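What follows is a single structure, written as structure tokens, with notes after it.
The values are calculated or read from the model by the stated rules, or taken from the named source; none is laboratory data. Quick caveat, the model's predicted, so the values are computed rather than measured. All Cβ positions, glycine included, derive from the backbone under ideal geometry; neighbour counts span all protein chains shown. Side chains included, ligands, DNA and RNA excluded: accessible areas come from the protein's heavy atoms. Shrake-Rupley method; radii C 1.70, N 1.55, O 1.52, S 1.80 Å.
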Amino acid sequence: MKKIIQKILIPAVCALPVWANAQHGKVRISDESKLSINGTSNVTDFRCQSEHQLQRDSLDFNYIYQGDIITINGVSLSLEVNKFDCGKKGINRDFKSTLKYKEYPFIKITLNELVLQDSTDLVPQSAHVTIQIADSARNYTVPLNAFLSSEERVIVGGNKVLKMTDFGLT
């Protein structure tokens, strides 16, 4: 596999209190959430679907609300590499081997910050995340799209194109 391009779509229900001094919140991964990795190799294009039962319970987290940035601590997903299905045995084998799943069995996605358009906005425009694959971690900004927004909850999703070479993988 020459390179793999990853797209992540994780709609999440965020319950963030609107007042500026709040320091605790809850996030729940929506039941409609899907996660897939779309890739290209020197042989074919492929799509690996996550077969994970994404977090069903609410995750408690702490945050600091400063202007248009919400700094978050405590929200991360650990995805078992072995639970991705690329549709074909050979592609599954190559995908898992490329990600060194025996040494590093999880892809970890950590939410670090949400960025609002301005301090009065309820819907985040982007998320700063850390993605760890194998023994390498990289920081990314992921543009977000709002699917539903109210004072009680916000449902957002996004995707990001990554190169596996960014993680030292070929």
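With under 20 Å from S30 (Cα atoms), modelled with pLDDT of 90 or more and buried (at least 17 other Cβ atoms within 10 Å of the Cβ) as the only criterion, which of V142, V75, V154 stands out?
Of V142, V75, V154, the one residue that is under 20 Å from S30 (Cα atoms), modelled with pLDDT of 90 or more and buried (at least 17 other Cβ atoms within 10 Å of the Cβ) is V142.
Select from segment 78-108 the residues that are more than 18 Å from the chain's Cα centre (by Cα) and closer than 24 Å to N139 by Cβ and write down the one among them that is surrounded by the fewest Cβ atoms within 10 Å (Cβ to Cβ).
E103
Does segment 157-170 hold any residues that are among the aliphatic types (A, V, I, L, M) and either open to solvent by 20 Å² or more (accessible area, probe 1.4 Å) or not in a loop (DSSP other than H, G, I, E, B) (or both), and which are they?
Residues satisfying the conditions are V161, M164.
Among the numbered criteria (1) at pLDDT 70 or above; (2) open to solvent by 80 Å² or more (accessible area, probe 1.4 Å), which single criterion is violated by W19?
Among (1) at pLDDT 70 or above; (2) open to solvent by 80 Å² or more (accessible area, probe 1.4 Å), the lone unmet condition for W19 is (1).
Can you pull out every residue in segment 26-75 that is touching a helix residue (DSSP H, G or I) at 6+ places or on another chain (Cβ under 8 Å) and polar (S, T, N, Q)?
Residues satisfying the conditions are S41, T44, S50.
Can you find, within segment 119-156, the residue that is nearest to F61 (Cα to Cα) among those that are free of Cβ contacts under 8 Å to residues at least 40 places away in the same chain and part of a loop (DSSP other than H, G, I, E, B)?
For segment 119-156, the residue satisfying everything is V123.
Could you run through segment 109-139 and say how many residues are small (G, A, S) and crowded, with 17+ Cβ neighbours inside 10 Å?
First, the residues of segment 109-139 that are small (G, A, S): 119, 126-127, 134, 136-137.
Still in the running and crowded, with 17+ Cβ neighbours inside 10 Å: 126-127, 134.
Residues in segment 109-139 being small (G, A, S) and crowded, with 17+ Cβ neighbours inside 10 Å: 3 in total.
Looking only at segment 55-68, which residues are in contact with a strand residue (DSSP E or B) (Cβ under 9 Å, 6 or more places away or on another chain) and surrounded by fewer than 16 Cβ atoms within 10 Å (Cβ to Cβ)? Walk me through it before giving the result.
Restricting attention to segment 55-68, the residues satisfying the condition of being in contact with a strand residue (DSSP E or B) (Cβ under 9 Å, 6 or more places away or on another chain) are 55-65, 67-68.
Matches in segment 55-68: R56, D57, S58, D60, N62, I64, G67, D68.
If you check T40 against the conditions, is it at pLDDT 85 or above and hydroxyl-bearing (S, T, Y)?
no
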